[in-house]
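Q: What follows is a structure written as structure tokens; I'll ask about it next.
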Amino acid sequence: MTEVPERPLRTPRAAGLAGVLFALLLAAVIVLIRLGIPEGAEAVAFQGSTDSAQRDAVRAALALVPFAGIFFLWFTGVVRAHVGDAEDKFLATVFLGSGLVFVAAMFGAAAAADAVLAVAHPPGASDGLAAWNFGRHFAYTLMTGYAMRMAAVFACSLSVMGHRLGVLPRWLTLLGLLTALVLLFAASNVPWVELAFPAWSLALSTYILMAGGRRARPGTAPAV
């Protein structure tokens, strides 16, 4: 039986491009949702707000969520296809499963946030206030309580797998593990900490693009 020749592991540039686009879109979505659907005392004031520009900005952010999910799935698929048979089956399963649940949770949070905007009422109106509060809490719980914890598992599994296969440097592995710890334990309690995930994704994707560019230069040895 003919054996398939082994090929050196290289970091795919397509994954880097998809990761950069995903990181930028997700960061924009998080910022606009945080500013457009505030928590605490500011949430009551926004519920009765008639600022159409602010609401349009939030709706524009929500429209970006499906595209962020597409680029994230592209990033995940390229990485899995690139690693192939060399991957650890346990880590690969956790990596893929957490990525899929993350996308599903973000889509659910975006749908809940869109519903929040749809039930907003003028100041002094009690109709829809319960639905407003429910939708707002539901959106933030999905994003910070569930999506970000799945993002933590994704960052941890990918960092460990990349380090074992020799395609990620030590500093990037440590950064991924630190990001996972922050998201796992602080995402539900510390506002804006969810931006750590797109920041890590951007750092990882930038490294992938730079590594791919160095390999493309003549006379540069392939990265193993």
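Values in this text are rule-based calculations from the coordinates and carry no lab data. Just so we're clear, the structure is a prediction, and the values are computed from it rather than from any experiment. Quick reminder, even Gly has a Cβ in these numbers, built from the backbone with ideal geometry, and neighbours come from all protein chains shown.
Q: For the range 75-80, just list the computed ³J(HN,Hα) in residue order, Karplus coefficients 6.51, -1.76 and 1.60, θ = phi - 60°, integers in Hz, with x standing in for Gly and Pro.
A: 4, 5, x, 5, 5, 5
Q: What does the extension gain come out to for F67 and M210, with contour length at 0.36 nm per residue minus their alpha carbon separation?
A: Stretched out fully, the F67 to M210 stretch lengthens by 49.1 nm.
Q: Calculate one ³J(HN,Hα) per residue across the range 59-73 by plugging θ = phi - 60° into the Karplus curve 6.51 cos²θ - 1.76 cosθ + 1.60, and present them in order as whole Hz with x for glycine and proline.
A: Values, residue by residue: 5, 5, 5, 5, 5, 7, 4, x, 5, 4, x, 5, 5, 5, 5 Hz.
Q: In nm, to one decimal, how far is the A118 label point from the L181 one, both placed 7 Å along Cα→Cβ?
A: A separation of 4.2 nm, rounded to one decimal place.
Q: Can you work out the Karplus-derived ³J(HN,Hα) for every residue in the range 140-155? Use 6.51 cos²θ - 1.76 cosθ + 1.60 with θ = phi - 60°, whole Hz, and x for glycine or proline.
A: Rounded to whole hertz, the list is 5, 5, 5, 6, 8, x, 10, 4, 6, 6, 5, 5, 5, 5, 4, 5.
Q: Would you calculate the separation in nanometres between label points at A28 and F90, each defined as 7 Å from the Cα along the Cα-to-beta-carbon direction?
A: Label at A28, label at F90, 4.0 nm between them.
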